[in-house]
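**Student:** This structure is in structure tokens; I'll ask about it shortly.
Every read-out reported here was derived from the displayed coordinates using simple, explicitly stated rules and does not represent laboratory data. As the structure is a computational prediction, the values presented were derived from the model and not from experiment. Cβ placement follows ideal geometry from the backbone for every residue including glycine, while neighbour counts extend to all protein chains displayed.
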Amino acid sequence: MKNLLILLFAAGLLASCTTEKPSDDEIYDVVNHYISTDEDFLNGPKHGLKVFLREECRTPLSYKDSLNLKPDSLFTKDDIDYITIQDKDTIPFILKKDRLKVPYGTTLISHTAFKQLSDSEIYDKYGLIVIINIGKPLFSEDHKTAVITVSSWMGSRAGAGARCILKKDGKGWKVVKSELLWIS
């Protein structure tokens, strides 16, 4: 009987320490919010650009180190540990067109199709383009704060990458911090 009580206590303790994996709905909420506010998605077609969104959302490598996350007003130590665990999940999240709220003129492109085209082939086939890659959102323990990396690439002409931190309130997601990571 004593062993059974210890086993039940241990199982209860483990269950209370586990945080649920982010759901597909949560991932799409963050991705769709970003898409609805991003300049490339909103203004690209107005300037004659064809917008491509890569369908694979991958976690950025060495996220904890590259973000240099420290407990602050946005993340607790437990949040940082939880983000680090999510970062180790290297299986890409594949975006489905029917779940995305992309502006007219945005095309989903697979990793394979993207890799098969050289710069000159892309321009010959599509003209002026921007290819956008959105990293898999990584969430805080309570799933009310998310971090995503985004890069846009125009072949050899230009490109940039940024990291955004979003917070969820009663009205939805809002970008609370954005940091430029690279530009070319």
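**Student:** Can you give the local net charge around Ala113? Use residues other than it whose beta-carbon is closer than 13 angstrom to its beta-carbon, Lys and Arg +1, Asp and Glu -1.
**Tutor:** 0
**Student:** So what are the ³J(HN,Hα) numbers for the range 97-108, from phi and the Karplus equation (6.51, -1.76, 1.60; θ = phi - 60°), rounded to whole Hz, Gly and Pro as x?
**Tutor:** 3, 5, 9, 9, 10, 9, x, 3, x, 8, 10, 7
**Student:** Test of understanding: ordering Phe114, Phe52, Phe139 by Cβ neighbours within 10 Å, fewest first, what list do you get?
**Tutor:** By the 10 Å Cβ count, ascending: Phe114, Phe52, Phe139.
**Student:** Scan around Val176 for amide H atoms under 5 Å from its own, H built in the peptide plane at 1.01 Å from N, and keep only partners 5 or more places away or cross-chain.
**Tutor:** Here Ile165, Leu166, Lys167 satisfy the definition.
**Student:** Using mean Cβ contacts within 10 Å as the protection proxy, how do 93-106, 151-164 order, highest first?
**Tutor:** Going by the mean number of other Cβ atoms within 10 Å, highest first, we get 151-164, 93-106.
**Student:** Does the range 21-183 come out rounded, prolate or oblate, given a ≥ b ≥ c as the square roots of the eigenvalues of its C-alpha gyration tensor, rounded meaning a/c under 1.5 and, failing that, prolate meaning a/b above b/c?
**Tutor:** Taking the square roots of the gyration eigenvalues as a ≥ b ≥ c, the range 21-183 is prolate.
**Student:** Pull up the DSSP beta bridges for the range 21-183 and report the antiparallel fraction as a percent, rounded to 5.
**Tutor:** Restricted to the range 21-183, the bridges split so that about 75 percent are antiparallel.
**Student:** Multiply the residue gap between Thr107 and Asp81 by 0.36 nm, knock off their C-alpha separation, and tell me the result in nm, one decimal place.
**Tutor:** Residue separation times 0.36 nm, minus the Cα-Cα distance, leaves 5.8 nm.
**Student:** Collect residues whose amide H, placed 1.01 Å from N in the peptide plane, falls under 5 Å from the amide H of Ile129; neighbours closer than 5 in sequence don't count.
**Tutor:** Here Lys50 satisfy the definition.
**Student:** Quick check on the range 104-184: take the gyration tensor over C-alpha atoms, sort the square-rooted eigenvalues as a ≥ b ≥ c, and tell me if it's rounded (a/c under 1.5), prolate or oblate.
**Tutor:** It is prolate, given that a/c is not under 1.5 and a/b is the larger ratio.
**Student:** Next question, about the same structure. Determine the gain in length on full extension of the stretch Ile91-Lys167; use 0.36 nm per residue of separation and subtract their C-alpha separation, reporting nm with one decimal.
**Tutor:** Value of the extension gain: 24.9 nm.
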